[in-house]
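Below is one structure, written out as structure tokens; the observations come after it.
Derivation of every value follows stated rules applied to the coordinates shown; laboratory data play no part. What you see is a predicted model; the values in this text were computed from it and never measured. We place every Cβ from the backbone using ideal geometry, glycine too, and count neighbours over all the protein chains shown.
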Amino acid sequence: QVQLVESGGGSVQTGGSLRLSCAASGYTPSNSYMGWFRQAPGKEREGVAAIYIVAGFKYYGDSVKGRFTISQDNANNTVYLQMNSLKPEDTAMYYCAAGALGWPLNVRSYDHWGQGTQVTVSS
């Protein structure tokens, strides 16, 4: 089965940076999407960023455009999320997902999910 292993979460001050990693096993992401989602307490899970593995097409949620960058390492089947200029409203549990069939920033497009990693940004 597919397993997504996440790392890189933590606590930073406003304006700081974090880099999240998601390594996929039991899955060859050669012709599909991998994405990052986040969910804060009391809010719905929202799409942050996604990448089409074959061509490198990238998609970003409106709230993170210009601050976050998604990238891939094909040799390691790993996707990264570089987060810069972090704000307190970025505080959430961040999830990695794989295998989108529909719009890559829709939660319902994915069947495989990671365990989540917490990101906390202090004001």
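R0 = 25 Å: FRET efficiency of S25 with D62, Cβ-based, nearest 0.05?
On the way: r = 32 Å, r/R0 = 1.27.
So, using R0 = 25 Å, E works out to roughly 0.20.
For R108 and A40 in one chain, what is 0.36 nm times their gap in residues minus the Cα-Cα distance, to one decimal in nm? Present the calculation step by step, with values, prior to reporting the outcome.
Details: separation 68, 0.36 × 68 = 24.48 nm, distance 1.77 nm.
Working it through step by step, the gained length comes to 22.7 nm.
Please check which bits of the stretch 60-88 a label hung off Q118 would reach, taking the label as a point 7 Å along Cα-to-C-beta and the cut-off as backbone N under 17 Å.
Residues passing the 17 Å test: 88.
Give the relative contact order (percent, whole number) for the chain; include only Cα pairs under 8 Å separated by 6+ residues. Each step should come with its number before you reach the end.
Values: 317 pairs, mean separation 42.5, N = 123.
It comes to 35 percent, rounded to a whole number.
With all distinct Cα pairs included, what does the Kirkwood hydrodynamic radius of the stretch 41-123 come out to in Å, to one decimal, could you say?
On the way: mean 1/r = 0.0734 Å⁻¹.
One over the average 1/r among Cα pairs gives 13.6 Å for the stretch 41-123.
In Å and whole numbers, how far do the C-alpha atoms of the stretch 66-105 stretch along each principal axis, longest first?
Taking max minus min along each principal axis of the Cα atoms, the stretch 66-105 gives 31, 24, 19 Å.
If I model a spin label at S11 and N84 as a point 7 Å from the Cα along the Cα→Cβ vector, what separation in nanometres do I get?
Placing both labels 7 Å beyond Cα along the Cβ direction yields 2.6 nm.
Calculate how many DSSP beta bridges within the chain are antiparallel, expressed in % of all such bridges and rounded to the nearest 5.
Values: 37 of 41 bridges.
Around 90 percent of the beta bridges assigned by DSSP in the chain are antiparallel ones.
Using the alpha-carbon centroid of each, what span in Å lies between the stretch 30-50 and the stretch 67-121?
Computed from Cα coordinates, the inter-centre distance equals 5 Å.
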